[in-house]
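S.K.: Below is one structure. I have some questions about it.
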Amino acid sequence: MSSRTHRIVSIAAVAAYVVAAAALVGLVTITLFFSIGDPWGTINDYSGVVMTLALAPMMLAYYELGGRTPTPLAQAAQVAGWIGVLTWCVAHTLNIADVVRFDYGASATGVMAVEMVGLVVIGLWIAGANLLAGPWLSRVRWLGVVTGTGFALLGLGLLLGGQNHPLSYAGGIGYELVLPIWAFLMARSLARIAATR
């Protein structure tokens, strides 16, 4: 492993721990928000931005470690994944700052629809990258596919009918429940790879 790849994988391991922690905070705070209300919704929004930003170094580590995708397609997927992350984070930050308002009870429109497209792209990247990763990725592979599918289904559900759409519920399983487990196991896996340099 080159020193560049080692550095990227080491950073990605830390980022994966951040994703896991932020996702866990998100799971707890969304539960508290639906039970009690704010400030838990706001805390959930901030944790979502941190979690999503931390996915970008993980994406780069997947690219560095390789898989079964030809390089041009892998590069295109990498760019699409980063654009998805950036799109989601910018749109969600605009919502947090009250520049735009999101209505989760209805089909996504405007900036919220753009954010949901970003979420679908991120989900497709996570599912595809895990499915097509090389032999360096072991048992965590299928949790990644479930997580990515959850992202994509949640985004589609919110686009098509809001938070009460059946796809939103199905996607919530991968997005809320499986994500912290996948990210934690990925962090450990990436840390082990970095340690075997």
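The numbers here are math on the coordinates, done by the rules we state, and not lab data. All of these numbers come straight from a predicted model, not from anything done at the bench. Backbone-built Cβ (ideal geometry, glycine too); neighbour counts: all protein chains shown.
S.K.: Using the Kyte-Doolittle scale, which helices in the chain average at least 1.0 and also have C-alpha atoms spread 27 Å or more along the helix axis, with helices defined as whole DSSP H runs?
M.R.: 3-35, 110-132, 140-160
S.K.: Hand me the trypsin sites (Lys or Arg not before Pro) from the stretch 1-100 located in a DSSP loop with no more than 11 other Cβ atoms within 10 Å, in residue order please.
M.R.: Sparse-neighbourhood loop trypsin sites (Lys or Arg not before Pro): ARG68.
S.K.: Distance from the Cα centre of the stretch 80-102 to that of the stretch 6-56, in angstrom?
M.R.: Cα centroid to Cα centroid, the span is 15 Å.
S.K.: Taking the Cα-to-Cβ direction at SER107 and at VAL79 and moving 7 Å from each Cα, how far apart do the two end points lie in nm?
M.R.: If labels sit at SER107 and VAL79, their model points lie 3.1 nm apart.
S.K.: What value, in deg cm²/dmol to 500, does the helix sum -39500 (n - 2.57) over DSSP H runs of n ≥ 4 give at 222 nm once divided by the residues of the chain?
M.R.: Mean residue ellipticity, 222 nm, calculated: -27000 deg cm²/dmol.
S.K.: Something else now. Under 5 Å between amide H atoms, partner at least 5 residues away or on a different chain: which partners does GLY67 have, H built in plane at 1.01 Å?
M.R.: GLY134
S.K.: OK, next. Points 7 angstrom from Cα along the Cβ direction at VAL50 and TRP136: gap in nanometres?
M.R.: 2.7
S.K.: Take every Cα-Cα distance within the stretch 3-195, group them into 10 Å bins from 0 onward, and report for each bin the whole-number percent of pairs it holds.
M.R.: 10, 38, 36, 14, 2
S.K.: What number in nm² do you get for the stretch 76-117 if you take the convex hull of its Cα atoms and divide its surface by four?
M.R.: With every direction weighted equally, the projected area is 2.9 nm².
S.K.: What full-extension length gain, to one decimal in nm, is calculated for SER3 and VAL100 as 0.36 nm per residue of separation minus the Cα-Cα distance?
M.R.: 30.6 nm is the gain from fully extending SER3 to VAL100.
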